[in-house]
2 protein chains.
Amino acid sequence: MANRNPRLDDVAAMAGVSAATVSRFLNNPAVVASATGVRIREAIEATGYVQNLAAGALATSRSRIIAALVPDIAQSIFNDTVEAMIEELASDGNSVMLALTGADNRGLTREINMALARRVDAIILTGIVSEPETRQRLRSAGITVVETWGMPEDPIDIAVGFSHRAVGEELARFLRARGYRRPHLVVPRSTRAERRATGFTTRWVHDGGPSPTRMEVNVPSHFGQGRLSFRALADLPEQPDVVVCGSDWIAQGLIVEANAAGVRVPDQLAVVGFGNLRMAGDMRPTITSVDVDGARIAREVLRALRARAAGEPFDTMIDVGFRVIARESA
Amino acid sequence: MANRNPRLDDVAAMAGVSAATVSRFLNNPAVVASATGVRIREAIEATGYVQNLAAGALATSRSRIIAALVPDIAQSIFNDTVEAMIEELASDGNSVMLALTGADNRGLTREINMALARRVDAIILTGIVSEPETRQRLRSAGITVVETWGMPEDPIDIAVGFSHRAVGEELARFLRARGYRRPHLVVPRSTRAERRATGFTTRWVHDGGPSPTRMEVNVPSHFGQGRLSFRALADLPEQPDVVVCGSDWIAQGLIVEANAAGVRVPDQLAVVGFGNLRMAGDMRPTITSVDVDGARIAREVLRALRARAAGEPFDTMIDVGFRVIARESA
DNA sequence: CTGAAAGCGCTTACAG
DNA sequence: CTGAAAGCGCTTACAG
């Protein structure tokens, strides 16, 4: 272990220039005379200097750290989006602080406070901030806040997502057009899944269908719930012809259990998922699902952050939409 | 948006004390007279002061930021461990910078450099640093480095994990004891999966079995590969009686495809996974797998970091072991 | 193109 | 128990 990390001063002394010049070279090489640049480069090499970004952040009041707050990562529908986001942000010189808020978002306020204390450049939320007090703090903090994966009617700052209600409505239309008559909903206990269910039910009934039956499952949803959900169907007064699942995992589990029970999907029972995980396209039968373009969300978030940093105008409400992916299961 | 964030000075002025006293109150309330503490608390309240941890980090040369470097998070065997790690670390006042290094760890050096520049307190690696130059830089950086999920023979600093070779050997013993005779290996193209395969093969042959057949799949491994792997079995000169999969996802896909082909698991073909995902216990049939205690790894990492911070002695090589979980599939 | 100096917002050893 | 002052390692407006 070295005695002490070399500083800008050490490089400057060795290169025979001032610290200011080394700093300029690091941040904008073109502004320094090329001969000077060569000497500085050599000095950096010789000293093994590594720029201290934390000190730079303090000096510029710009940390280039973005906080991403998600409920969990073990098995999350957001993982694709978060991964794309980290990659996009990293490609632009940012680092991402990932904070876990828990399934019920219990830790949301705590993690928001931490992010604020760290003076991150922006906070990206996947969960919904329901406490009015926290929403207010966020607004008055003068920090960039991006709400993703939803389209709040009263956004805190920037929103990049889609309407969950619209997803439900679209699925209702889709299944009705395919001739299904008795849908059953498996609904995770989350605000957004609830919105999709509401959208579905409203539309379905509006179009003259009977009110769909439903059951709820805990979040995060998983494979095992799908199996249980299939078995729970037996308790229904009338059997559904299609099950609309809150996630592809639930759909997959339901299909496996149906097969094991000798029920053929989709001939005897159709199944729809949500999230369009890679597995949905690989499953047997392949799973009809709803695709959300996580990479697109990530790009739009980065674009908004850049525009704000540059002081350029940009849309603060970006609806990236969604697509129903029709496959074999429904 | 406020004009400017309040600083320690603002709080101090309002409370009628010096900035130093406010700082002490924030970091160790007990050291301040209680009457003073009350005034400071009121001033903090009134100004809406939020401690700037970034400035504090610069002053103390301790960032309380830990960098976690993982190949991906979309579908990673490390997710459980990383999640547990983030929770453990957060409970101790740290924040976690999550950096993605890519499936082949192409970005490892780049992200290590970024972490070094951010002056994180520690770097937690899940991938293997193969470049000797980077290993050397890490050693001489005087930073805490934790290698997890493996037991390197020449660790950079601290290692918390288990022997992948031992996993392979144990699986060979386990399957032999169960009477299987012709194993086939589906091996992800990663150093560790390769070590497990080597351990398995060595032990299997040593115990008098025929050399196992094998095929390779790309990382990150996924469900679809399992289906393809089952079909590829048809090309084998002799059919295996058990398939040892590099992950539970592969195992699951293989089972689904086998069922679809009318091959019963485990009667006609046994299957073993790796990782003991929650889904493994929920699948039909339930999947025999290898459990790695991610939460335990997380706890040991935190314990080591704390011991080092406190200057106390601790083990730098911690083998958390693993467990073969016998279920229905093999 | 470059330097001296002030400032980013804290913490802490020293002194009282 | 508390304050004045130096320091953490950068950046940048100002001046030349």
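The values are calculated or read from the model by the stated rules, or taken from the named source; none is laboratory data. Since we're looking at a predicted model, the values are computed, not measured. For neighbour counting, all protein chains shown are included, and Cβ atoms are generated from backbone atoms with ideal geometry for every residue, glycine included.
Here are some notes:
- The condition (being in a strand (DSSP E or B) and either surrounded by fewer than 17 Cβ atoms within 10 Å (Cβ to Cβ) or not assigned by TED's automatic domain parsing to the domain that holds residue A:171 (or both)) is satisfied by just one residue among A:214, A:231: A:214.
- Test: residue in the range A:18-39 that is more than 30 Å from residue A:294 (Cβ to Cβ), among the hydrophobic types (A, V, I, L, M, F, W, C) and within 11 Å of another protein chain (Cβ to nearest Cβ): yes
- Hits in the range B:219-228 - residues which are among the polar types (S, T, N, Q) and in a helix (DSSP H, G or I): B:225
- Taking the listed residues A:142, A:168, the one that is more than 16 Å from DNA strand D (Cβ to nearest atom), within 14 Å of chain B (Cβ to nearest Cβ) and among the small types (Gly, Ala, Ser) is A:142, with no other qualifying.
- When residue B:5 is tested against (1) over 20 Å from residue A:121 (Cα atoms); (2) polar (S, T, N, Q); (3) more than 10 Å from DNA strand D (Cβ to nearest atom), exactly one condition is not met: (1).
- Flag if residue A:55 is within 30 Å of residue A:121 (Cα to Cα), loosely packed, with under 13 Cβ neighbours inside 10 Å and within 12 Å of DNA strand D (Cβ to nearest atom): no
- Elements of type helices (runs of 4 or more DSSP H) contained in the range A:79-156, each with 2 or more residues being over 27 Å from residue A:276 (Cα atoms) and assigned by TED's automatic domain parsing to the domain that holds residue A:301: A:108-117, A:132-140
- Count of the range A:68-82 residues which are more than 20 Å from residue A:144 (Cα to Cα) and either in contact with a helix residue (DSSP H, G or I) (Cβ under 7 Å, 6 or more places away or on another chain) or at the interface with another protein chain (Cβ under 9 Å from one of its Cβ atoms) (or both): 7
- Which listed residue, of A:91, A:63, is polar (S, T, N, Q) and away from DNA strand D (no atom under 13 Å from the Cβ): A:91
- Yes/no for residue A:205 being of a type in the set (A, V, I, L, M) and away from chain B (no Cβ under 14 Å): yes
One line per residue, one yes/no per condition, for (1) on the phi < 0 side of the Ramachandran plot; (2) buried (at least 22 other Cβ atoms within 10 Å of the Cβ); (3) out of contact with any helix residue (DSSP H, G or I) (no Cβ under 8 Å at 6 or more places or on another chain); (4) more than 9 Å from chain B (Cβ to nearest Cβ):
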{"residue": "A:59", "(1), (2), (3), (4)": "yes, no, yes, yes"}
{"residue": "A:66", "(1), (2), (3), (4)": "yes, yes, no, yes"}
{"residue": "A:91", "(1), (2), (3), (4)": "yes, no, yes, yes"}
{"residue": "A:98", "(1), (2), (3), (4)": "yes, yes, no, no"}
{"residue": "A:101", "(1), (2), (3), (4)": "yes, no, no, yes"}
{"residue": "A:109", "(1), (2), (3), (4)": "yes, no, no, yes"}
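- Residues in the range A:120-134 that are closer than 26 Å to residue A:80 by Cα and more than 12 Å from chain B (Cβ to nearest Cβ): A:122, A:123, A:124, A:125, A:126, A:127, A:128, A:129, A:130.
- Test: residue in the range B:61-83 that is polar (S, T, N, Q), within 16 Å of DNA strand C (Cβ to nearest atom) and without any contact (Cβ under 8 Å) to a residue 40 or more places away in the chain: no
- Residue A:316 vs. criteria out of contact with any His (no Cβ under 6 Å at 6 or more places or on another chain) and assigned by TED's automatic domain parsing to the domain that holds residue A:154: yes
- Within the range A:132-150, the residues that satisfy the criterion of being in contact with a Lys or Arg (Cβ under 9 Å, 6 or more places away or on another chain) and over 14 Å from residue B:5 (Cα atoms) are A:144, A:145, A:149, A:150.
- Every condition in (1) facing chain A (nearest Cβ under 7 Å); (2) touching a helix residue (DSSP H, G or I) at 6+ places or on another chain (Cβ under 6 Å); (3) surrounded by 18 or more Cβ atoms within 10 Å (Cβ to Cβ) is met by residue B:117 except one, and the failing one is (3).
- Residue B:19 being without any contact (Cβ under 8 Å) to a residue 24 or more places away in the chain, within 12 Å of DNA strand D (Cβ to nearest atom) and out of contact with any helix residue (DSSP H, G or I) (no Cβ under 8 Å at 6 or more places or on another chain): no
- Every residue from the range A:234-249 that is in contact with a Pro (Cβ under 8 Å, 6 or more places away or on another chain) and either surrounded by fewer than 24 Cβ atoms within 10 Å (Cβ to Cβ) or aliphatic (A, V, I, L, M) (or both): A:240, A:241, A:242, A:243, A:244
- Residues that are within 20 Å of residue B:64 (Cα to Cα), near DNA strand C (Cβ under 8 Å from one of its atoms) and surrounded by 18 or more Cβ atoms within 10 Å (Cβ to Cβ), drawn from the range B:24-49: B:24
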